[in-house]
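This report concerns only the one structure given below.
Laboratory data are not the source of any read-out in this text; all were calculated from the coordinates shown. If you're wondering where the values come from, they're calculated on a predicted model, not measured in any experiment. Note that we place each Cβ from the backbone using ideal geometry, even for glycine, and neighbour counts take in every protein chain shown.
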């Protein structure tokens, strides 16, 4: 039979605590990567230490890919629950690997007759080759057999994954278990699986998550102090930075709460080092007062805010884009803050470096706004280009003049900055309104002068921003506007639409504060039709654009069920809008369109 080569989507699912994420990320995805293929991986898990349902998707191709896809070509089901939850996603000619000794599956439950069922005694083979903990390895060996992929590459991944920590005996046992799974498929089933992976020339690529890229960006930017209280999906930033503490001479603090985290970061920055904190929406709610203090003190501060659905605790381990308005208006009164929303791993790295430069150059708080999907998913990416990276520490004084004024009024609003211990640098820095020397003042003219000063810095920075680039055909039938982690699914959806002869272009808004409103208005006015795509209910960016340009976006495609868009969602939504022009808004969930009006 003819096979589909190097175009494959794999999912493994089971109970939390069963090693699902390790099996997928550390073993299968890395095996494909070492085979010269492009890989994307994303996971879903409940807010439980053990129990509940875990799953991980790995998409593999030989061309560049940007996100997961909706269809599953091979489902590795470690329990019956996995089949029940995901069988509707199986593509034509897909396969299901399951343990028939423990999971009773009636073929009639799988409605599509092209789907192949592979009952493999995972527990039995694992117990014969090192213990039940090996059953994921057995399942991966079975996967390699169905795909006819190079077992030597997989064995190398096993050696690297287990060798340093657990020794040669564990490596040997896992290799033996993987071979047993491989052999079981080859000896008991015909070669009728539709999909095949073939290794390509090895590329000098990395496999990295958004949070790992932000960590690398913080280190490259010269961040020397990071304080945080763990909060999903920002927790790995803390553990990543802690792991690099000695290597890069960092100070990393796991604080007692988020209030302490932001105050420590402010203190470190005031003392003269680059500092940051990270959290999710609930943690940032606690940081809001400190955030305003940093603005009043004009202390450089970088905050990484990784969104998850709320309000309140919400859905702690899922994804959304509901915090944008909160970031734009958090804390009391009004003050300038920069909000940057990277859309992929490369942007997580480079824009984090930008955040530190902006924070110091303009002495204001900067938010890097991500979410669970972007922060915890993994992409194949090329090595970062770092030779042209510039670290700009702004007006940080080496020598302080005798008439020094910390908050001196300047043409661009930025004042020279001294740090504690410098001769002539003594000044007051508090959360109170103040004069040029920092002394607390409440006179009307002083208040107006200092408030205007802070906003002048923001206006100065706004003039330096490059206009966002419109990606795709300038004369497209539909202009897509969005921000953050929707970028990958949108780019994949554009490929699908192009195959159908539908031309689209894409405006990604990275800087949301300050918003490049003039360029956005030009693009909206020049477009035949516009649609905004957001992972929230109220189309928050669309509201910001309306507020600053006076223009409405024609259509909205929204999703707020805690899961990211698939490219197929966006493809179907845009086709529906083009076919039914009176529709204004489409809402997606698990099984597709749930509302349209």
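Using DSSP, restrict attention to beta bridges with both residues in the chain and report what percent are antiparallel, rounded to the nearest 5.
On the way: 33 of 88 bridges.
Approximately 40 percent, going by the DSSP bridge assignments.
On the basis of the beta-carbon distance and an R0 of 45 Å, residue 246 and residue 526 show a calculated FRET efficiency of 0.25. A straight chain from residue 203 to residue 63 at 0.36 nm per residue would run longer than the Cα-Cα distance by 49.2 nm. The largest-to-smallest principal axis extents of the Cα set in the stretch 208-382 are 41, 38, 28 Å.
Could you work out how far helix 345-362 tilts from the main Cα principal axis of the chain, as a 0 to 90 degree angle to the nearest 10? So the helix axis and the longest Cα principal axis differ by about 10 degrees. Dividing the mean sequence gap of close Cα pairs (under 8 Å, 6+ apart) by how many residues the stretch 408-534 holds gives a relative contact order of 25 percent.
The label point for residue 585 and the one for residue 325, both projected 7 Å from the Cα toward the Cβ, are 1.2 nm apart.
Roughly speaking, what is the stretch gain from residue 471 to residue 575, that is 0.36 nm per residue apart minus the C-alpha to C-alpha distance, in nm to one decimal?
Full extension of this stretch gives 35.5 nm more.
Relative to the dominant Cα principal axis of the chain, helix 444-462 is inclined by about 40°. Principal axis analysis of the Cα atoms in the stretch 4-203 yields extents of 45, 40, 37 Å, listed in decreasing size.
Computed from the Cβ-Cβ distance with R0 of 41 Å, the FRET efficiency linking residue 449 to residue 387 stands at 0.45. The simple spin-label model puts a point 7 Å past each Cα toward its Cβ; for residue 166 and residue 111 those points are separated by 4.0 nm. Here the calculated FRET efficiency for residue 440 and residue 463, from their Cβ-Cβ distance with R0 = 41 Å, stands at 0.80, rounded to the nearest 0.05.
Please work out how much length the chain gains when fully extended from residue 500 to residue 239, using 0.36 nm per residue of separation minus the C-alpha to C-alpha distance, in nm with one decimal. Intermediate results must be reported in sequence, preceding the final value.
Values: separation 261, 0.36 × 261 = 93.96 nm, distance 4.48 nm.
Contour length minus the Cα-Cα distance gives 89.5 nm.
Looking at the chain, the pairs of alpha carbons with a distance over 42 Å make up 28% of the total. Evaluated on the stretch 543-595, the Kirkwood hydrodynamic radius is 12.0 Å, with distances taken between all distinct Cα atoms. Against the main long axis of the alpha-carbon atoms of the chain, helix 135-147 sits at an angle near 70°.
Over the chain, DSSP H runs of length four or greater, each weighted -39,500 (n - 2.57), average out per residue to a 222 nm ellipticity of -11000 deg cm²/dmol.
Dividing the radius of gyration of the alpha carbons in the stretch 299-458 by their Kirkwood radius gives 1.04 for Rg/Rh. Each part reduced to its alpha carbon centroid, the stretch 354-403 and the stretch 251-277 end up 16 Å apart.
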